[in-house]
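Visitor: Here it is: the structure, laid out below.
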């Protein structure tokens with residue numbers, strides 16, 4: 001386990017070794033005073049007289065040792081923390097690079113709470129191992145071991161008596177570890193569930209308030225928090241008695257030595273000076289032994305966290321190469337696409353061809369696989385079977401950067417970084433000038449709400465773009481796509497959050513964006529895609545039919561049902577208290 005962690009230390013591994021040496025020296029300085037104390041006590045017990053010249057150097061030596069102990073131990077802790085925090089930095093960077101190589105969809109499935117726990121909580125806990133358990137544990141265990149060996153040279157009988165507390169303490173610790181490890185998985189599962197619930201509760205608070213669901217939402221939040229509390233307390237309640245037992249017995253090295261050693265002295269089996277020396281040694285090894293054992297209970301937890309990190313890092317990376325785009329054109333071909341979420345297949349051999357410069361719409365009921373196809377095209381996931389090609393080149397045969405240069409993806413839910421709106425739009429093309437960004441914003445119909453903001457396009461978007469409405473965020477995302485000017489455009493319900501007044505403007509903006517491009521549109525409002533070159537009807541992960549609007553109305557029952565539902569919703573009316581209707 002230590003070897004795995006130290007692999008991330010790199011050049012700072014030597015700093016950890018220096019910390020161990022410094023602490024070893026410090027602990028030796030902390031034990032040596034007991035030897036000088038023995039030299040002061042032994043003559044008094046034997047009835048010898050001591051001069052000031054004999055006592056003063058030993059008292060000075062005790063003071064010097066205690067000073068050196070503080071100096072070396074603090075220096076060791078300083079070095080160990082320096083190494084620890086640099087190792088954590090390396091670990092986070094390594095984890096980041098591994099996560100970047102994984103499919104984006106897989107990362108989203110892990111959940112914000114779980115990722116936060118791994119990146120912050122679990123990695124921070126490893127700091128205890130690197131800064132304390134490793135250097136302090138090794139140093140505090142090494143010195144007692146040496147002292148016990150020295151006891152055997154003084155009096156082997158008394159040395160054996162001093163070891164009596166160790167088996168009892170180790171057995172108690174072993175029982176605690178065995179009980180604790182049995183429920184370790186359930187403990188961390190409860191913690192992950194609580195973290196995800198807390199994040200979801202906070203993010204969804206606006207919706208909860210609007211629909212007056214405070215009670216239902218809070219009940220789930222409360223239940224998960226209480227579940228974690230109850231499980232943790234029950235788990236600790238089982239472990240605490242054993243922890244108290246070994247922390248009480250293990251450092252009491254003189255527990256058996258004192259009564260039986262005194263008997264040996266009285267019977268002449270052991271000499272009084274040897275008995276005093278062994279007692280002093282026993283008192284010396286107790287504190288470092290207890291400090292070393294204090295880290296023992298953290299080892300299983302740290303080991304579990306390292307295994308969790310490795311499990312996350314072990315997820316299969318996204319299939320890609322370093323090759324650039326080399327397709328002959330910008331047509332898109334889905335060939336026998338199969339895909340599964342958590343071993344449940346949601347796409348069953350879907351095949352379709354999107355000609356270059358054409359507009360193809362994907363329609364179907366919720367859960368039919370429309371958005372999944374779009375996410376597979378932009379390579380959020382690897383397909384389970386089949387292939388997706390652009391201009392004849394498999395998307396797995398090019399780098400993600402090259403693929404992203406070919407596609408502008410406007411998703412239904414958009415994320416904005418907490419920086420200026422200008423910089424958020426500029427993500428579409430980092431080398432764009434301010435004038436080009438402003439032109440893209442104007443085409444995306446952003447000017448209307450930008451003029452209302454005090455700082456205009458330089459206004460901060462807020463965390464996740466919370467300063468803007470859903471429709472405004474979508475217009476910013478469309479401005480990104482306009483600025484990017486990629487040859488393939490994927491629109492996943494790009495006007496989902498638009499009010500009727502602004503939807504017409506947005507459709508005009510979208511029309512200018514997609515002109516001359518290969519376009520794939522995912523639409524729930526069928527009225528907006530009646531002029532598409534081809535409409536693909538998806539039904540439960542299968543391609544049910546393809547054709548134009550007129551062709552499908554005459555030949556596809558599934559499309560007819562969708563169209564009738566769309567027409568019915570367009571004619572919905574809300575009755576007022578006065579008996580009138582609101583369209």
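Visitor: Among the residues that make up the range 489-503, is at least one of them over 16 Å from residue 407 (Cβ atoms), modelled with pLDDT of 80 or more, under 34 Å from the mean Cα position of the chain (by Cα) and not in a strand (DSSP E or B)?
Guide: no
Visitor: So, in the range 399-420, how many residues would count as being part of a helix (DSSP H, G or I) and over 28 Å from the mean Cα position of the chain (by Cα)?
Guide: Filtering the range 399-420 for residues part of a helix (DSSP H, G or I) gives 400-406.
Retained after the next criterion (residues that are over 28 Å from the mean Cα position of the chain (by Cα)): 405-406.
Matching residues across the range 399-420 total 2.
Visitor: Being over 8 Å from the mean Cα position of the chain (by Cα) and at pLDDT 75 or above is the filter here, so list the residues in the range 109-121 that pass it.
Guide: Listed by number, the residues that qualify are 109, 110, 121.
Visitor: Quickly run through the range 219-230 and pick out the residues that are more than 25 Å from the chain's Cα centre (by Cα) and surrounded by 12 or more Cβ atoms within 10 Å (Cβ to Cβ).
Guide: Residues of the range 219-230 more than 25 Å from the chain's Cα centre (by Cα): 219.
Across the range 219-230, there are no qualifying residues.
Visitor: If I ask for residues that are touching a helix residue (DSSP H, G or I) at 6+ places or on another chain (Cβ under 7 Å), in the same structural domain as residue 489 (by TED's automatic domain parsing) and surrounded by fewer than 19 Cβ atoms within 10 Å (Cβ to Cβ), which ones from the range 318-350 would you list?
Guide: Answer for the range 318-350, where residues must be touching a helix residue (DSSP H, G or I) at 6+ places or on another chain (Cβ under 7 Å), in the same structural domain as residue 489 (by TED's automatic domain parsing) and surrounded by fewer than 19 Cβ atoms within 10 Å (Cβ to Cβ): just 346.
Visitor: Output the residues belonging to the range 130-170 that are more than 18 Å from residue 280 (Cα to Cα) and surrounded by fewer than 14 Cβ atoms within 10 Å (Cβ to Cβ).
Guide: Answer for the range 130-170, where residues must be more than 18 Å from residue 280 (Cα to Cα) and surrounded by fewer than 14 Cβ atoms within 10 Å (Cβ to Cβ): just 167.
Visitor: If you scan the range 433-460, which residues turn out to be part of a loop (DSSP other than H, G, I, E, B) and surrounded by 19 or more Cβ atoms within 10 Å (Cβ to Cβ)?
Guide: Answer for the range 433-460, where residues must be part of a loop (DSSP other than H, G, I, E, B) and surrounded by 19 or more Cβ atoms within 10 Å (Cβ to Cβ): 444, 445, 446.
Visitor: Go through the residues of the range 29-48 one by one and say whether even a single one is outside any helix (DSSP H, G or I), in contact with a helix residue (DSSP H, G or I) (Cβ under 7 Å, 6 or more places away or on another chain) and touching a residue at least 12 places away in the same chain (Cβ under 8 Å).
Guide: No, because not a single residue in the range 29-48 is outside any helix (DSSP H, G or I), in contact with a helix residue (DSSP H, G or I) (Cβ under 7 Å, 6 or more places away or on another chain) and touching a residue at least 12 places away in the same chain (Cβ under 8 Å).
Visitor: Out of curiosity, is residue 394 surrounded by fewer than 21 Cβ atoms within 10 Å (Cβ to Cβ) and either out of contact with any helix residue (DSSP H, G or I) (no Cβ under 9 Å at 6 or more places or on another chain) or within 10 Å of residue 325 (Cα to Cα) (or both)?
Guide: Values: surrounded by fewer than 21 Cβ atoms within 10 Å (Cβ to Cβ): yes; either out of contact with any helix residue (DSSP H, G or I) (no Cβ under 9 Å at 6 or more places or on another chain) or within 10 Å of residue 325 (Cα to Cα) (or both): yes.
In short, yes.
Visitor: Another question, if that's okay. Among the listed residues 279, 233, 250, 283, identify the single one that is surrounded by fewer than 19 Cβ atoms within 10 Å (Cβ to Cβ) and either at pLDDT below 80 or in the same structural domain as residue 147 (by TED's automatic domain parsing) (or both).
Guide: Checking each option against the conditions leaves just 283.
Visitor: Give all pairs with beta carbons closer than 8 Å in which a residue from the range 71-88 that is closer than 15 Å to residue 133 by Cβ and assigned by TED's automatic domain parsing to the domain that holds residue 133 meets a residue that is at pLDDT below 90 and not in a helix (DSSP H, G or I); count only pairs at least 6 apart in sequence or on separate chains.
Guide: Final answer for the pair search is 83/9; 87/8; 87/9.
Visitor: When you check residue 20 against the structure, is it modelled with pLDDT under 85, in contact with a helix residue (DSSP H, G or I) (Cβ under 7 Å, 6 or more places away or on another chain) and buried (at least 18 other Cβ atoms within 10 Å of the Cβ), yes or no?
Guide: Numbers: modelled with pLDDT under 85: no; in contact with a helix residue (DSSP H, G or I) (Cβ under 7 Å, 6 or more places away or on another chain): yes; buried (at least 18 other Cβ atoms within 10 Å of the Cβ): yes.
The answer is no for residue 20.
Visitor: Within the range 304-317, restricting attention to residues that are buried (at least 16 other Cβ atoms within 10 Å of the Cβ) and farther than 30 Å from residue 393 by Cβ, which residue is modelled with the lowest pLDDT?
Guide: This residue is 304.
Visitor: Kindly indicate whether any position in the range 138-150 is out of contact with any strand residue (DSSP E or B) (no Cβ under 6 Å at 6 or more places or on another chain) and not in a helix (DSSP H, G or I).
Guide: No, the range 138-150 contains no residue that is out of contact with any strand residue (DSSP E or B) (no Cβ under 6 Å at 6 or more places or on another chain) and not in a helix (DSSP H, G or I).
Visitor: Provide a single number: the residues in the range 368-397 that are assigned to a loop (DSSP other than H, G, I, E, B), over 28 Å from the mean Cα position of the chain (by Cα) and within 16 Å of residue 103 (Cα to Cα). Don't jump to the end; show me each part of the working.
Guide: Of all residues in the range 368-397, those assigned to a loop (DSSP other than H, G, I, E, B) come to 368-369, 378-384, 391-392.
Retained after the next criterion (residues that are over 28 Å from the mean Cα position of the chain (by Cα)): 368-369, 391-392.
Still in the running and within 16 Å of residue 103 (Cα to Cα): none.
Residues flagged as assigned to a loop (DSSP other than H, G, I, E, B), over 28 Å from the mean Cα position of the chain (by Cα) and within 16 Å of residue 103 (Cα to Cα) within the range 368-397 amount to 0.
Visitor: Still on this model: Residue by residue through the range 351-388, note down the ones that are under 23 Å from residue 516 (Cα atoms) and surrounded by fewer than 16 Cβ atoms within 10 Å (Cβ to Cβ).
Guide: 353, 355
The values are calculated or read from the model by the stated rules, or taken from the named source; none is laboratory data. In this text, all values refer to a predicted model and were calculated from it rather than measured experimentally. With ideal geometry, Cβ positions are generated from the backbone for all residues, glycine too; neighbour counts draw on all protein chains shown.
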